[in-house]
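Presented below is the structure to which this report refers.
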Amino acid sequence: GGGGFKEETWLTEWAELLAFEESLNKAWELNISNIIFETDIVGPVNRIKKMGTDITIIGVHITKIQKMMDTFLLATICWANRSCNSIADFICKNAIEKNYNWDFNIDYPVEIHELVISDSI
């Protein structure tokens, strides 16, 4: 039934929210005042932008994230089509093909650096 599907959706949203919260913390540590976050999962974007009263557990966590966003001069989150995120697409496909996980403390292949430059233009 739908219970498994709904649970999977919640797990995805929670993972995205926790990653977003870590990104907010890192941006704050780096003293970044204007920032735009992109995600290919529409649920958290809608929940954060909605700013309504949500008394669910995830809603309480989103309220905490909204307060963190208020500490920046400008902080926004927007949805980006996954096909537009060539870096994430490359990492996912490469990790699946080569059956490994990347650590954030390694030198990435030159293809990733090229994609970062391409995506930033």
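Nothing in this text is a laboratory measurement; each read-out follows from the coordinates by a stated rule. From a predicted model like this one, the values you see are computed outputs, not experimental measurements. Cβ coordinates were reconstructed from backbone atoms using ideal geometry, including for glycine residues, and neighbour counts include every protein chain displayed.
Quick notes on this structure:
- Net length gained if the chain between CYS78 and TRP28 were fully extended (0.36 nm per residue, minus Cα distance): 16.1 nm
- In nm, spacing of pseudo-spin labels at ASP89 and ASP70 (7 Å Cα→C-beta vector): 3.8 nm
- The lysines within cross-link reach of LYS93, meaning a Cα-to-Cα straight distance under 28 Å and a gap of 8 or more places when in the same chain, are LYS6, LYS26.
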